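Report on the structure given below.
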Amino acid sequence: MTVRRYLIAGNWKMHCRQSDGAALAADLAARVGPVADPRFDLLLCPPATIVATISQAVSGSAVSVGGQDCHAQAQGAHTGDIAADMLADVGAGWVIVGHSERRTNHAESNAMVRGKAAAVLRAGLAAIVCVGETEAERDAGQAEQVVAAQLKGSIPDGAAATNTVIAYEPVWAIGTGRTPTLADIAAMHAMIRARLSGLVADPDAVRILYGGSVKPSNAAEILGLPDVDGALVGGASLKADDFWAIAQACP
Ligand code: PEP
């Protein structure tokens, strides 16, 4: 059986300036220390403006740092955009792509997400590719079909367990305090695992995170589900105690 280490990733979204971000990161780095817990990897994805600051704040610890988005190209006339290797240049090892807030607020299609994920891999970083259905899609019984299409359309050539993580984030669960039933999460993760065949080299080894209102009180039951290999955490990642409690809930 393939053993997958848990990944607990914090998506800080558009929160934190240098001082409060560095304090949060340093707090978590002190808890982790220089050697990662045998159960989990801890990743912080701050706004691009403070990736360098946060990288410094966690240096010497086993905490990793990532960006929240990138452009599909390595350079060029793209005002306001950031290339994956620019994030690497300031200490990022990861980039989130296809978060539903990008898909919705910036009209990012699967093809665009795939281009961004490919750019992440070309830059030598690892991509967290987000997928997830809206509430209307779930109510219409289309959740699995939508997520399957997102996987097929968003995962680039060359994706493998070493450079790609999938985050299943039902849009209606993000920042709402609502979560799917445990059975629904398990069913979706099993479907994702099955669909990864043919899309990645080593489907059994790819980590599949759940995201959407993960908090200390529900982390253990979610992280205990089969095929849930970690969490992508928004709101609760902004409080060191809460984020750490989620990580400690890894089996
Ligand atoms: C997210 O935005 O990726 C997320 C999971 O947010 P929250 O934990 O706040 O629902």
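The numbers here are math on the coordinates, done by the rules we state, and not lab data. A quick note: this is a predicted structure, and the numbers were derived from the prediction, not measured. All Cβ positions, glycine included, derive from the backbone under ideal geometry; neighbour counts span all protein chains shown.
Structure data summary
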| item | result |
| --- | --- |
| Trypsin sites (Lys or Arg not before Pro) restricted to DSSP loop in the stretch 1-45 with at most 12 other C-beta within 10 Å | R17 |
| Segment H78-R5, extension gain: residue separation times 0.36 nm, minus the distance between their alpha carbons | 22.6 nm |
| Spread of Cα-to-Cα distances over 10 Å intervals beginning at zero, given as percent, for the stretch 72-218 | 12, 42, 34, 12, 1 |
| Test item: Cα-centred dipole of the stretch 83-197, Lys/Arg +1 and Asp/Glu -1 on Cβ, debye | 220 |
| Percent of Cα-Cα distances greater than 24 Å, calculated over the chain | 41 |
| 3J(HN,Hα) from dihedral phi, the stretch 42-53, Karplus parametrisation 6.51/-1.76/1.60, rounded to Hz, x for glycine, proline | 10, 10, 10, 10, x, x, 4, 4, 10, 4, 5, 4 |
| In the chain, lysine pairs closer than 18 Å at Cα, eight or more apart or cross-chain | 5 |
| Electrostatic dipole magnitude of the stretch 71-148 [Cβ: Lys, Arg +1; Asp, Glu -1; Cα centre; debye, to 20] | 280 |
| q = 0.22 Å⁻¹, the stretch 166-213: log10 I(q)/I(0) [Debye, one scatterer per Cα] | -0.76 |
| Estimated vicinal HN-Hα couplings, Hz - the stretch 60-68 in sequence order (Karplus 6.51, -1.76, 1.60; Gly, Pro = x) | x, 10, 8, 6, 9, 10, x, x, 9 |
| Fraction of beta bridges assigned by DSSP in the chain that are antiparallel (%, nearest 5) | 0 |
| Sites V35 and M14 - FRET efficiency at Förster radius 25 Å, r taken between beta-carbons, to 0.05 | 0.20 |
| Two-site label geometry, T162 and A136: point separation in nm, points 7 Å out along Cα→Cβ | 4.3 |
| Distance between the stretch 12-66 and the stretch 80-145 - C-alpha centres, whole angstrom | 21 |
| Student exercise, the chain dipole from Lys, Arg, Asp, Glu Cβ charges, in Debye to nearest 20 | 180 |
